[in-house]
Amino acid sequence: MAAVTAANTAFYEAVERGDADAMDELWLLDDGVSCVHPGWPVLSGRGEVLRSYALIMAHTDYIQFFLTDVRVEIAADTAVVTCTENILSSDPAEPADEPGALVGAHVVATTVFRRAGDDWRIWSHHGSPVLTEDDGPGGPGDGPAGG
């Protein structure tokens, strides 16, 4: 279980550092990998998934994850990690030479790992935004005037 937890932690640390090489090392060497970023369609294939992370990391000045509700389940050579990502990140700055405001978000995530030799590699990652009371029916995003 410790090795799976370490692999999961390494995943979030790679995003925080914007480290594309570390991200590349974390995913299975398999075109069957997939990823769903909050609000995005399903991304399939190693190249498409890694490109999406490169794009996100290149356009994110600051991001930090505080993981809560972490659960790890292992069955043979497959492990599933579920958690809540409590995210602190910066909005794009206007003008570009000034830091953007910090914003928070909550995402529930499921990451599926497969054993690859002595390592655990990501097979699939899925993040879904946690809606607040204001996001539900009757909230600011509801109806024709919503965003």
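Taking only the stretch 108-130 into account, find how many residues are part of a loop (DSSP other than H, G, I, E, B) and touching a strand residue (DSSP E or B) at 6+ places or on another chain (Cβ under 9 Å). Talk me through it step by step, then tell me what you get.
Within the stretch 108-130, the subset part of a loop (DSSP other than H, G, I, E, B) is 117-118, 130.
Okay, now just the ones that are also touching a strand residue (DSSP E or B) at 6+ places or on another chain (Cβ under 9 Å), so 130.
Residues in the stretch 108-130 being part of a loop (DSSP other than H, G, I, E, B) and touching a strand residue (DSSP E or B) at 6+ places or on another chain (Cβ under 9 Å): 1 in total.
Being at pLDDT 65 or above, more than 25 Å from Phe66 (Cβ to Cβ) and open to solvent by 70 Å² or more (accessible area, probe 1.4 Å) is the filter here; which residues of the stretch 105-147 pass it? Full working, then the answer.
Applying the first criterion (at pLDDT 65 or above) to the stretch 105-147 yields 105-134.
Of the ones still in play, those that are also more than 25 Å from Phe66 (Cβ to Cβ) are 114-119.
The answer is Arg114, Arg115, Asp118, Asp119.
Based on what the data block shows, is Gly45 on the phi > 0 side of the Ramachandran plot, free of Cβ contacts under 8 Å to residues at least 60 places away in the same chain and surrounded by 15 or more Cβ atoms within 10 Å (Cβ to Cβ)?
Working: on the phi > 0 side of the Ramachandran plot: yes; free of Cβ contacts under 8 Å to residues at least 60 places away in the same chain: yes; surrounded by 15 or more Cβ atoms within 10 Å (Cβ to Cβ): no.
No: the conditions fail for Gly45.
Test Leu55 against the criterion of being loosely packed, with under 12 Cβ neighbours inside 10 Å, not in a loop (DSSP other than H, G, I, E, B) and not charged (D, E, K, R), and give yes or no. So that I can check it myself, show each step before the final result.
Working: loosely packed, with under 12 Cβ neighbours inside 10 Å: yes; not in a loop (DSSP other than H, G, I, E, B): yes; not charged (D, E, K, R): yes.
For Leu55, the condition - loosely packed, with under 12 Cβ neighbours inside 10 Å, not in a loop (DSSP other than H, G, I, E, B) and not charged (D, E, K, R) - is met.
Do you know which of the residues in the stretch 16-27 that are in contact (Cβ under 8 Å) with a residue 40 or more places away in the chain and either hydroxyl-bearing (Ser, Thr, Tyr) or open to solvent by 20 Å² or more (accessible area, probe 1.4 Å) (or both) is farthest from Ala79 (Cα to Cα)? Can you show your working first?
Step one: list which residues in the stretch 16-27 are in contact (Cβ under 8 Å) with a residue 40 or more places away in the chain, which gives 16, 18, 26-27.
Subset that is either hydroxyl-bearing (Ser, Thr, Tyr) or open to solvent by 20 Å² or more (accessible area, probe 1.4 Å) (or both): 16, 18, 26.
Working: Glu16: 23, Gly18: 25, Leu26: 14 Å.
Filtering first and then ranking leaves Gly18.
Scan the stretch 69-81 and tell me whether some residue there is modelled with pLDDT under 95, assigned to a loop (DSSP other than H, G, I, E, B) and either within 22 Å of Leu28 (Cα to Cα) or out of contact with any Leu (no Cβ under 7 Å at 6 or more places or on another chain) (or both). Spell out how you get there, then give the answer.
To start, the set of residues in the stretch 69-81 that are modelled with pLDDT under 95 comprises none.
There is no residue in the stretch 69-81 that is modelled with pLDDT under 95, assigned to a loop (DSSP other than H, G, I, E, B) and either within 22 Å of Leu28 (Cα to Cα) or out of contact with any Leu (no Cβ under 7 Å at 6 or more places or on another chain) (or both).
Kindly indicate whether Asp30 is assigned to a strand (DSSP E or B) and surrounded by fewer than 17 Cβ atoms within 10 Å (Cβ to Cβ).
Details: assigned to a strand (DSSP E or B): no; surrounded by fewer than 17 Cβ atoms within 10 Å (Cβ to Cβ): yes.
No, not satisfied.
State which residue pairs qualify: first residue farther than 23 Å from Val80 by Cβ and of a type outside the set (S, T, N, Q) and inside the stretch 124-139, second residue open to solvent by 60 Å² or more (accessible area, probe 1.4 Å) and at pLDDT below 95 in any location, beta carbons under 7 Å apart, and separation of 6 or more residues or different chains.
These pairs meet every condition: Asp134/Pro140; Gly139/Glu133.
Can you tell me which residues in the stretch 60-76 are surrounded by 10 or more Cβ atoms within 10 Å (Cβ to Cβ) and without any contact (Cβ under 8 Å) to a residue 12 or more places away in the chain?
Scanning the stretch 60-76 gives a single hit, Glu73.
The values are calculated or read from the model by the stated rules, or taken from the named source; none is laboratory data. Note that the structure is predicted; figures quoted are calculated from it, not measured. Here the Cβ is made from the backbone with ideal geometry for all residues, glycine too, and neighbour counts use every protein chain on show. The area values use the complete protein model at the heavy-atom level, side chains included, leaving out ligands, DNA and RNA. Shrake-Rupley method; radii C 1.70, N 1.55, O 1.52, S 1.80 Å.
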